[in-house]
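Asks: This is the structure I have questions about; it appears just below.
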């Protein structure tokens, strides 16, 4: 094999497959690594493990076709720092060493037997598929995946639920203490309904790779036990979590005693100040007392002190209300709101709904702590 | 006690004493914390431990004088985030709680008995003293302290040697594998000779605090077992290391077979590339072969591969030379050079001297690895 490729293209491809290629949780060592395959005028880079498979193509000149299976943790950084724009990859069939050359640098390393690599299988047809764009998809993932459980005792909660029917697409994640839901309307209806639970950390890796400078078309195809995500010259296959996701529509509260409108920046700054003390207290508890168009907050760390602060708001309806939340959950939600003003919709001892004012497509729910 | 002070002044004072106040290596718990002392129109903030004492004053209005000894890890961050410019500190004599108020925030926390705090002793007269400025002193520290040993088995090497005689001031640090020396000429001679070993990590803390936007006068006074460093409204006392620092002038090589002039950026980039592989090899070894106005470098990581690169240079005198160094030590030195071109002065099996071209006041020495 002998290839002439641009450093920039190779670096981008390596960054794309890097995480899967270096998956240490994978004990099939034969799958730890990446495959470079140069045949029929096509240079493909692949990595594959139990959770995720990824395949990308790069432009370049194939002076001699061939394929190489290798694992080298230094390759991505070394390539990035090469002083020339063009780099040359060479491996003779009789030698198990491959070399990479660029500028005056030459790096030679051992390769493995290509037969030990399981290639990423590309399925064109699944039971349903739809298209959206990379900016929309990244936004859906970013606004929901953070609410996934990290505790793996109930696997369905470690994933984000993808719920597609006709032109309606929703993503939902919950760890049972808080829930994040974002919905969009597709330009074209899906070819069929999809209900799939995608592991949260795989979605984060997908989000990292989605181009957002310019929106690109993303095609998602659902197969029985995995999802295929295609954009640009990247093809990703992600494992799904088996099980039934709870009926999230029933969890979202619809009746409230108080609807509060508050400036997001003021509220965030106050919750952040209180959290400096609250974060060392058990469960990060912040008490909120809402009355007279003010939210008064307090928290205490028994080893240090008591902190209180308050923020003005507009309260519509209802009597004064006292309710406690985990401060970290509130800050997580505030980070994902985007408008200057937000709504806090609440009722005593009931989950609170937080959303940007005047937009209904993104909803966050936080369960209160036990009564004080 | 009741004080009205500017948030900015208090935050800066807290950041100044924070590290000493929170010193966890100190097992005299009574000294863990800080003292706020407001008497005679003077607001002083102090922290003190075995290694270092620091005292700073801030402007403000003393409505009621008094003093408070407290320890609270949240105080600095909380103060920084307060929404108002002015903050109010209050503690009544009958109450052990102190409160800080600013904007709508109120934070109350326990204080300790002021009698348990050992105040920082200020000595005006030592056996010798001199003045310099903050920019020069910070530069001296930054260019030398990095070479201190972290291994504490030979304490003198964990410190930076301050060598002052007349108008000549040198700082030197070495861990026996590499040495860094920087010298300056003082505007006014020191009132006496000073030879003191200052713990490297204390000097780093001093360097962190030295203002560098505008140079300020720094007065250094040597007392038998400590050094007093004064600048602006800050007074710092640092412990010294007992023992005799080796005669560093004898360690610096003066005879060379090869003097090489090389572009610092090219050399740094190449050493960084080689280091990606070398850093995983034992002792980070990089082999340098100097010949024909080229430095050829190579390194190998037995588990991965072999990397080689080369850089053009100007060699004056001498035959080809092969020598090996710890790549990290070379990179550490290159970070502290500043000119476009540097000198590498070497001889077979001998320490290499590295310095900026055409400036002799800053010298770095690196000991080679055993012959290959």
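Asks: Looking at chain A as a GNM with Cα springs under 10 Å, which of A:311, A:206, A:17 has the largest mean-square fluctuation?
Replies: Among A:311, A:206, A:17, the largest mean-square fluctuation in the Gaussian network model of chain A belongs to A:311.
Asks: May I ask you to sort B:346, B:313 by Cβ crowding, counting other Cβ atoms within 10 Å and putting the fewest first?
Replies: Least crowded to most crowded, the residues run B:313, B:346.
Asks: What's the center-to-center distance, using Cα atoms, between the stretch B:101-144 and the stretch A:298-317 in Å?
Replies: 33 Å
Asks: Take every Cα pair under 8 Å in the stretch B:105-196 that's 6+ residues apart, average their separations, divide by the length, and report that relative contact order as a whole percent.
Replies: That works out to 28 percent.
Asks: Still on this structure, please answer the following. Taking the label point as lying 7 angstrom from Cα along the Cα-to-Cβ axis, what are the distances from residue B:259 to the corresponding position in the remaining copies, in ascending order and in nanometres?
Replies: Those separations, rounded to one decimal, come out as 8.3 nm.
Asks: Just to be sure I understand the model, the point goes 7 Å from the Cα along the line to the Cβ. What's the resulting residue B:8 to residue A:303 distance in nm?
Replies: The answer from the label model is 3.4 nm.
Asks: Right, here's the next one. Got the residue B:360 label distances to the other copies yet, label 7 Å along Cα→Cβ, in nm, shortest first?
Replies: So the distances to the same position in the other copies read 8.2 nm.
Asks: Report, in degrees rounded to the nearest 10, the 0 to 90 angle that the Cα long axis of helix A:264-278 makes with the longest principal axis of chain A.
Replies: 90 degrees
Asks: With springs only between Cα atoms under 10 Å apart, run a GNM on chain A and tell me which of A:95, A:280, A:187 wobbles the most.
Replies: Answer for the Gaussian network model of chain A: A:95.
Asks: Evaluate the distance, in nm, between pseudo-label points positioned 7 Å from the Cα of residue A:176 and of residue A:94 along their respective Cα→Cβ axes.
Replies: 6.5 nm
Asks: Relative to the present Cα-Cα distance, how much length would full extension add between residue B:168 and residue B:249 at 0.36 nm per residue of separation?
Replies: Extra length available between residue B:168 and residue B:249 comes to 27.7 nm.
Asks: Let me ask something else. May I ask you to derive the relative contact order of chain A, considering only C-alpha pairs under 8 Å and at least 6 residues apart, and to give it as an integer percent?
Replies: Relative contact order comes out at 13 percent.
Asks: Tell me the mean residue ellipticity at 222 nm calculated for chain A from its helices only (DSSP H runs of n ≥ 4, each -39500 (n - 2.57), averaged over every residue, nearest 500).
Replies: Value at 222 nm, helices only, nearest 500: -5500 deg cm²/dmol.
Asks: Also, quick follow-up: From other protein chains only, count the Cβ atoms within 10 Å of every residue's Cβ in B:73-83, then give the mean.
Replies: If you average over the peptide's residues, the count of other-chain Cβ atoms is 4.
Asks: Ok, one more. So what's Rg/Rh here for the stretch A:152-209, counting alpha carbon atoms and using the Kirkwood radius for Rh?
Replies: 1.00
Asks: Please give the FRET efficiency for residue A:125 paired with residue A:39, using the beta carbon to beta carbon distance and R0 = 30 Å, rounded to the nearest 0.05.
Replies: Once the sixth-power term is evaluated, E becomes 0.80.
Asks: Moving to a separate point now. Taking 7 Å along the Cα-to-C-beta vector as the label spot, tell me the residue B:150-residue B:115 distance in nanometres, rounded to one decimal.
Replies: Output for this residue pair reads 4.4 nm.
Asks: Measuring from a point 7 Å out along Cα→Cβ, what nm distances, shortest first, does residue A:186 have to its partners in the other copies?
Replies: 7.8
Asks: Order by neighbour count: A:288, A:343, B:10, fewest other Cβ atoms within 10 Å first, most last.
Replies: A:343, A:288, B:10
Asks: Using a Förster radius of 45 Å, what is the FRET efficiency between residue A:50 and residue A:370 based on their Cβ-Cβ separation? Nearest 0.05, please.
Replies: 0.65
Asks: What does the average come to when, for each residue of peptide A:301-313, you count the partner chain Cβ atoms lying within 10 Å of its Cβ?
Replies: Partner-chain Cβ atoms within 10 Å, mean over residues of A:301-313: 5.
Asks: Apply the Kirkwood formula to the stretch B:128-248: the hydrodynamic radius equals the inverse of the mean of 1/r over all pairs of different alpha-carbon atoms; give it in Å with one decimal.
Replies: 14.2 Å
Asks: At a threshold of 8 angstrom on Cα-Cα distance, excluding pairs fewer than six apart, so keeping six or more, what relative contact order does the stretch A:251-372 reach in percent?
Replies: Taking the mean separation of contacting Cα pairs over the length of the stretch A:251-372, I get 30 percent.
Asks: Treat the count of other C-beta atoms within 10 Å as a stand-in for reagent exposure and order B:7, B:249 from fewest to most.
Replies: Ascending Cβ contact count within 10 Å gives the list B:249, B:7.
Asks: Report the Cα centroid-to-centroid distance between the stretch A:232-256 and the stretch A:78-97 in angstrom, as an integer.
Replies: Cα centres, the stretch A:232-256 to the stretch A:78-97: 42 Å.
Asks: Project the alpha carbons of chain B onto their principal axes and report the range along each, largest first, in whole Å.
Replies: That works out to 81, 50, 37 Å along the principal axes.
Asks: Another one. Specify, per residue and in Å³, the volume enclosed by the convex hull of the alpha carbon atoms belonging to the stretch B:2-116.
Replies: Enclosed volume per residue, from the Cα hull, is 93 Å³.
Asks: Something else about it: Would you mind checking the tilt of helix A:7-21 against the longest principal axis of the Cα atoms of chain A, expressed as 0 to 90 degrees and rounded to 10?
Replies: So the inclination is approximately 60 degrees.
Asks: For peptide A:109-122, compute the average count of partner chain beta-carbon atoms within 10 Å of each residue's beta-carbon.
Replies: Per-residue shielding by partner chains comes out at 1.
Asks: Let me ask you something else. Evaluate E = 1/(1 + (r/R0)^6) for residue A:272 and residue A:193, where r is the Cβ-Cβ distance and R0 equals 30 Å; express this FRET efficiency to the nearest 0.05.
Replies: The pair residue A:272/residue A:193 has a calculated efficiency of 0.15.
Asks: For the protein assembly as shown, state the average projected area of the convex hull of the C-alpha atoms over all orientations, rounded to one decimal in nm².
Replies: Mean projected area for the protein assembly as shown: 39.3 nm², to one decimal.
Bear in mind that the values in this text are calculations on the coordinates, not laboratory data. What you are looking at is a predicted structure, and each value in this text was computed from that prediction instead of being measured. Here the Cβ is made from the backbone with ideal geometry for all residues, glycine too, and neighbour counts use every protein chain on show.
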